[in-house]
Amino acid sequence: MCSLMKAEVKKLDSTKREISVEVSGDIVKNKFKEVFEKIGKGAKVAGFRTGHVPGDILEKNFSSQAKELVLKELIPELYNQVLDKEGLEVVELPSIIDVKLDRANLSFKATVEVNPQIQLKNYKGLTVNYKKIEVNPDEVKRNIDSLRESRKVDNVNDNFAKGLGYPNLAELEMAVERQIYLEKENQQRQKIEQDILEGLTQDLNIKLPQSLVNRQLQDLLRQAKIDLVLKGIPKEKIEEQEKELSQKLIPAAESQVRIYLVLAEIAKKENIPQDEHMPHRVMELLLREADWKESNQG
């Protein structure tokens, strides 16, 4: 008897699919044969030497174990074949139901979550507004004054600078100016990246896979709880607030998943590998392709 496999994919909504699989013939029979051979090698039955138990005795004593092994091996094999054939990108392990198995037939259903289809906006040539970074002498003076106050000294002079590890006051002032410049540059870069991401995801109406949102929410919640512990808030108090905290973090989790999905879609189009560096590489591409405009507004 040859093998026959039928697979049907039903769209439940924009991110959920139900896969129905039916297989009969040699695939199932051969898998049972393979499984009984494995079991037979180590089977212990009174009156027989290990590894020499006759087939009919194995069938009688180990049929439920064999069924379990057939399902454990065959369902993932068939499920993955369907995913490859249909080109489905699943985001979570499937929920398997309606499993039916006999010695020649297997059928089951798998419910899975997939990434939604995203209609990307034009992501090349996005406008980036930047301003020339400047540090004025007042900012340097304010910073040095706050250093003086924290050290409780009267005079800002070369000796004061030496106490902070600089040869003279002029060098200290230059170092403070550099530090302020770098802080402003960093803030501006973060703002530019944020604006780009907001522009790409704004008005993008996509149903987010709930499993991805839940996973992101758990990460944010774990981090928020660590932050509260570090602030000295008692564990019982944190546990009391967990539900409320979780509710507050849902919009952030949804926003982060939306951004990730958009970046992943751009990565796919641009042949950027889908690894942990993907978001950073996509952002580099967006910044390179952007239309940079200098703005004079503060």
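The values are calculated or read from the model by the stated rules, or taken from the named source; none is laboratory data. Just so it is clear, the structure is predicted and the values come from calculations on it, not from any experiment. With ideal geometry, Cβ positions are generated from the backbone for all residues, glycine too; neighbour counts draw on all protein chains shown.
Scanning the range 264-282 for residues that are touching a residue at least 24 places away in the same chain (Cβ under 8 Å), more than 13 Å from the chain's Cα centre (by Cα) and surrounded by 17 or more Cβ atoms within 10 Å (Cβ to Cβ) yields E265, I266. Only one of the numbered conditions (1) surrounded by 14 or more Cβ atoms within 10 Å (Cβ to Cβ); (2) in the same structural domain as H280 (by TED's automatic domain parsing) is violated by Q190, and that is (1). Figure legend. Inter-residue proximity from the range 211-228: first residues closer than 23 Å to P116 by Cα and in contact (Cβ under 8 Å) with a residue 12 or more places away in the chain, second residues polar (S, T, N, Q) and assigned to a helix (DSSP H, G or I), beta-carbon distance below 6 Å, spacing 6+ or different chains. Indicated pairs: Q216/Q256.
In the set (1) acidic (D, E); (2) in a loop (DSSP other than H, G, I, E, B); (3) in contact with a Phe, Trp or Tyr (Cβ under 8 Å, 6 or more places away or on another chain), the condition left unmet by D154 is number (3). Being over 12 Å from the mean Cα position of the chain (by Cα) and of a type in the set (S, T, N, Q) is the filter here; which residues of the range 232-263 pass it? The answer is Q241, S246, Q247, S255.
In the range 63-80, the qualifying residues are those that are touching a residue at least 40 places away in the same chain (Cβ under 8 Å) and over 30 Å from V45 (Cβ atoms), and the one that is farthest from the chain's Cα centre (by Cα) is L78.
The combined condition, being over 15 Å from the mean Cα position of the chain (by Cα) and in contact (Cβ under 8 Å) with a residue 60 or more places away in the chain, is not fulfilled by D203. The set of residues in the range 80-138 that are assigned to a loop (DSSP other than H, G, I, E, B) and β-branched (V, I, T) comprises V91, I118, I133, V135.
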